[in-house]
Amino acid sequence: MNREQALFEYTLRIADDSLILGHRVSEWCGHGPILEEDIAMTNIALDLVGQATNFLEYAAKVDGKGKTADDLAFLRYDRDYRNALLVEQKNGHFGDTMARQFFFDVFRKLFFEGLTKSTDETLAAIAEKSLKETKYHLKHSSEWVIRLGDGTEESHQKIQESINNLWRFTEELFFSNDVDTMLLESGIAVDLNALYPLWKSQVAHVLAEATLEIPSGTFQQKGGRTGFHSEHLGYLLAEMQYMQRAYPGMEW
Amino acid sequence: MVTKNEIWQLLEQVSDPEIPVLTIVDLGIVREVELEDNHCTITITPTYSGCPAMQVIEKGIEELLEGIISVTVKSTLSPAWTTDWLSENGRNKLREYGIAPPEHEVDKSVLFAAPTVVPCPLCKSSNTKMVSQFGSTACKAHYQCNECMEPFDYFKCLK
Ligand SMILES: [Zn+2]
């Protein structure tokens, strides 16, 4: 693996987290529990897909094989996606979606703060742009975790279950391998090991405010970062890629 | 031959497709106009990553300058757009249009901070409440006035 290959792989991870979560969140369009939330979800999905576009454009450039951002978004197979398992999990009920978003947003804010200091100017620039949006997403998801946790008996119980169910996908957000080692040396990558304790303490802070328990289970599931996904991704891709598969090369 | 200043003035004719009362110059999304050998390069920056208006704006600039000077429109992400770049003129136009302009203060802490006090653009009362941080477009939040009861858009602060 040379530096370009590592940078491509690294950029794909970031892009795919945004792309797959953006698609997931967009599934709420027309199904939000209230109109304001429907609008909020579609706004967040738009931000995420916009971020994905920026990162995929860069990935395509680094790759240097004449592919476009759209080629990467719509014409890869499931094993070629590098998103974390967390973001491909199904929306479930609104509490499930908010718990997933909350875990991700805390991670993303810390990650983008780090990435703005990257020696890679393009990654730093996209991170700077994306960070501002992520702060709004985090505020939104944190407030919902608190509102549901510290709400009624039923909402408390439901969001606690969501937190418990999704907990096993959280550690993968901090997955690193030789890609990270190579890019850390040149100051391109963010040191994920250093972020993990910060993530844990910020999550604990909000869960405490929400009167929710930090899950005690230690089992963690991983695989997304190396292309081993859950069955849910296949269904998502089938819908997301349908147009390009049915009408190759079509444009709006 | 057209000058840089004249191009800046011409750009005042391109409005934001989502908030037509504002021009792209008011919004601060035109970052640079460069003139060289009868060719003009204009650099613009998006308000939000997924802003769907960027392509329309790019087309708008190209059409505006067609027959005047050949033009390339470039897009840049850094430095990232901030609501501080919204001109005073733009703020007044927003208010007249019924959209509350962004407050200058930063949202101090992302978590647990009380929402910014946003005066109602219609009756000027400060007794308003945030309905949702996310509004009709990426750059707006949804508020309601407790005095005149009117719902209104707030052009939210982005820093
Ligand atoms: Zn009012």
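The values are calculated or read from the model by the stated rules, or taken from the named source; none is laboratory data. Predicted, not measured: the structure shown is a model, and the values here were computed from it. Because the Cβ atoms are built from the backbone with ideal geometry, glycine has one as well, and the counts that use them run over all protein chains shown. Surface areas here come from the heavy atoms of the whole protein model, side chains and all, with no ligands, DNA or RNA. Shrake-Rupley method; radii C 1.70, N 1.55, O 1.52, S 1.80 Å.
Post the alpha-carbon centroid distance, the stretch A:95-135 to the stretch B:1-38, in whole angstrom.
So the separation of the two Cα centres works out to 31 Å.
Per residue of B:136-148, how many C-beta atoms from partner chains lie within 10 Å of its own C-beta, taken as a mean?
Counting Cβ atoms of other protein chains within 10 Å of each residue's Cβ and averaging gives 2.
Pairing the Cα long axis of helix A:153-166 with the longest principal axis of chain A, what angle in degrees results, from 0 to 90 and rounded to the nearest 10?
In chain A, helix A:153-166 runs at an angle near 30 degrees to the longest axis.
Using modelled backbone amide H atoms (1.01 Å from N, in-plane), which distant-in-sequence or interchain residues come within less than 5 Å of B:Ile44's amide H?
B:Arg31, B:Lys74, B:Ser75, B:Thr76
Taking the simple approach of a point 7 Å from Cα along Cα-to-Cβ for both B:Val2 and B:Lys74, what is their distance in nm?
Label at B:Val2, label at B:Lys74, 1.9 nm between them.
For each pair in A:Lys90/A:Lys135; A:Lys129/B:Lys159; A:Lys132/B:Lys156; A:Lys90/A:Lys132, compute the distance between the two Cα atoms and list the pairs where it is over 18 Å.
Pairs exceeding the cut-off: A:Lys90/A:Lys135; A:Lys90/A:Lys132.
Can you show me the helix-derived [θ] at 222 nm for chain B, built from DSSP H runs with n ≥ 4 at -39,500 (n - 2.57) apiece and divided by the number of residues, rounded to the nearest 500.
Taken over chain B, the calculation gives -6000 deg cm²/dmol.
Could you please state, rounded to a whole Å, how far the C-alpha centre of the stretch A:233-248 is from the C-alpha centre of the stretch A:1-30?
Spelled out, the Cα-based centre of one part sits 16 Å from the other.
Can you give the accessible area buried between chains B and A, summed over both chains, with a 1.4 Å probe, in Å² to the nearest 100?
Roughly 2500 Å² of accessible surface disappears when B and A pair.
For the stretch A:122-168, what % of the accessible area comes from carbon and sulfur atoms, probe 1.4 Å?
Summing carbon and sulfur atoms, their accessible area is 47 percent of the total for the stretch A:122-168.
Which FRET efficiency value, to the nearest 0.05, do you get for A:Met1 and A:Lys117 by plugging their Cβ-Cβ distance into 1/(1 + (r/R0)^6) with R0 = 22 Å?
The calculated FRET efficiency here is 0.40.
Report the extension gain between A:Ile34 and A:Asp178 in nm, rounded to one decimal, defined as 0.36 nm multiplied by the number of residues separating them, less their alpha carbon distance.
Full extension of this stretch gives 47.3 nm more.
Whole-Hz Karplus ³J(HN,Hα) for the stretch A:234-240, in order, using 6.51 cos²θ - 1.76 cosθ + 1.60 and θ = phi - 60°, x for Gly and Pro?
Couplings: x, 5, 4, 5, 4, 6, 5 Hz.
Looking at the stretch A:36-80, which residues lose a minimum of 50 Å² of accessible area between their chain alone and all protein chains in place, measuring with a 1.4 Å probe and not counting ligands or nucleic acids?
Residues passing the criterion (a loss of at least 50 Å², heavy atoms only) are A:Glu36, A:Asn43, A:Leu46.
What is the helix-to-structure angle for B:54-65, meaning the angle in degrees between its Cα long axis and the longest Cα principal axis of chain B, kept from 0 to 90 and rounded to the nearest 10?
40
Could you give me the ³J(HN,Hα) list for the stretch B:27-36, computed from phi with Karplus coefficients 6.51, -1.76, 1.60 and θ = phi - 60°, whole Hz, x at Gly and Pro?
Using θ = phi - 60°, the values come out as 6, x, 8, 8, 9, 7, 10, 10, 10, 8 Hz.
In the Gaussian network model of chain A, springs joining C-alpha atoms below 10 Å, which of A:Ile188, A:Ile34, A:Ile14 carries the largest mean-square fluctuation?
Evaluated over chain A, the most mobile residue of the options is A:Ile34.
What residues does the stretch A:126-140 have that are buried by at least 30 Å² of accessible area in the full protein assembly compared to the chain on its own, 1.4 angstrom probe?
A:Glu128, A:Lys129, A:Lys132, A:Glu133, A:Lys135, A:Tyr136, A:Lys139
For the Cα atoms of chain B, what angle does the longest principal axis make with the long axis of helix B:88-97, in degrees from 0 to 90, nearest 10?
60
For the stretch A:99-181, just say rounded, prolate or oblate: build the C-alpha gyration tensor, square-root its eigenvalues into a ≥ b ≥ c, call rounded for a/c under 1.5, and beyond that prolate if a/b exceeds b/c, oblate if not.
Because a/c hits 1.5 or more and a/b fails to exceed b/c, the stretch A:99-181 counts as oblate.
Put a dot 7 Å past each Cα toward the Cβ at B:Lys124 and B:Gln144; how far apart are the dots in nm?
It works out to 2.5 nm between the two label points.
In percent, what relative contact order does chain A have, based on Cα pairs under 8 Å that are 6 or more apart in sequence?
25
Using the heavy atoms of the protein chains alone and a 1.4 angstrom probe, what is the accessible area of the protein assembly as shown per residue in square angstrom?
45
Can you list the residues, at least 5 places off or on another chain, whose amide H is less than 5 Å from the amide H of A:Gly151, using H built in the peptide plane?
A:His156
If a cysteine in chain B has no other Cys Cβ under 4.7 Å from its own Cβ, put it on the list, ordered by number.
B:Cys40, B:Cys51, B:Cys139, B:Cys157
Apply the a/c threshold of 1.5 to the C-alpha gyration tensor of the protein assembly as shown and tell me whether it is rounded, prolate or oblate.
Cα axes put the protein assembly as shown in the oblate bin.
Given R₀ = 45 Å, FRET efficiency for A:Phe228-A:Ala208 by Cβ-Cβ distance, to 0.05?
Calculated transfer efficiency: 0.85.
Tell me, what % of the accessible area of the stretch A:58-99 is carbon and sulfur with a 1.4 angstrom probe?
49
How long is the gain from A:Thr68 to A:Tyr196 if the chain were fully straight, where each residue apart is worth 0.36 nm and the alpha carbon distance is subtracted?
Using 0.36 nm per residue and subtracting the Cα-Cα distance, I get 42.8 nm.
Please figure out what share of the DSSP beta bridges in the protein assembly as shown is antiparallel and state it in percent, rounded to the nearest 5.
If I count the DSSP bridges inside the protein assembly as shown, around 65 percent turn out antiparallel.
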